[in-house]
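The values are calculated or read from the model by the stated rules, or taken from the named source; none is laboratory data. All values reported here derive from a predicted model rather than from experimental measurement. Glycine also receives a Cβ, built like all others from the backbone with ideal geometry; neighbour counts cover every protein chain displayed.
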């Protein structure tokens, strides 16, 4: 099991603060980000094109967490995605299935990126994106591939993260063009 530590090697809680000086990753403990990078780099299984996006979305969410242009509600979405990403007990736990377990985390982060991109403009999201293709293109593709990636668990992921009320389901999202052809996704 992985333990979060600060730059001095001292244990830290899973709740990440917005304090400066937490390493190269603009708020995300560098040890955690490195662990995710190493896990996904070794992964050669199904849906690798999506799984390699886990550290890219992690960096994006921690970048957005510090963006002053986000409203309180948007910041709560980002905080929910970060909490979901670092949680060992989510819909598809990494501890049980390895890097394949990042699929739900990636979907959750793509959902938040999509909402923020639509509300504030994709330029806000692109500023923190480190992938090779645009955040807009990749996030839309992840969302379009929801059924392939998660089966019927997409709403469960969003409920677990606190992004959907337990009584609601998402209606088909008219803002996402479902005819969008999936692309080969690559992390930067």
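Which residues, taken from region 118-131, are in contact (Cβ under 8 Å) with a residue 40 or more places away in the chain, assigned to a helix (DSSP H, G or I) and either touching a helix residue (DSSP H, G or I) at 6+ places or on another chain (Cβ under 6 Å) or buried (at least 22 other Cβ atoms within 10 Å of the Cβ) (or both)? Matches in region 118-131: 125 only.
For residue 7, are the conditions met, namely being at pLDDT below 50 and either on the phi < 0 side of the Ramachandran plot or more than 17 Å from the chain's Cα centre (by Cα) (or both)? The answer is yes for residue 7. Residues of region 151-169 that are in contact with a helix residue (DSSP H, G or I) (Cβ under 6 Å, 6 or more places away or on another chain) and either closer than 21 Å to residue 87 by Cβ or modelled with pLDDT of 95 or more (or both): 154, 157, 161, 162, 163, 164, 166. Just to be sure, is residue 93 closer than 17 Å to residue 32 by Cα, more than 12 Å from the chain's Cα centre (by Cα) and crowded, with 18+ Cβ neighbours inside 10 Å? So residue 93 does not fit the description; no. Within region 152-161, how many residues are touching a residue at least 40 places away in the same chain (Cβ under 8 Å) and part of a helix (DSSP H, G or I)? The number of residues fulfilling the criteria is 5.
Looking at region 133-151, which of its residues are closer than 13 Å to residue 60 by Cα and outside any helix (DSSP H, G or I)? If the condition is that a residue be closer than 13 Å to residue 60 by Cα and outside any helix (DSSP H, G or I), then 134 is the only one that fits.
For region 81-90, give me each residue that is crowded, with 19+ Cβ neighbours inside 10 Å and within 10 Å of residue 160 (Cβ to Cβ). Matches in region 81-90: 84, 90.
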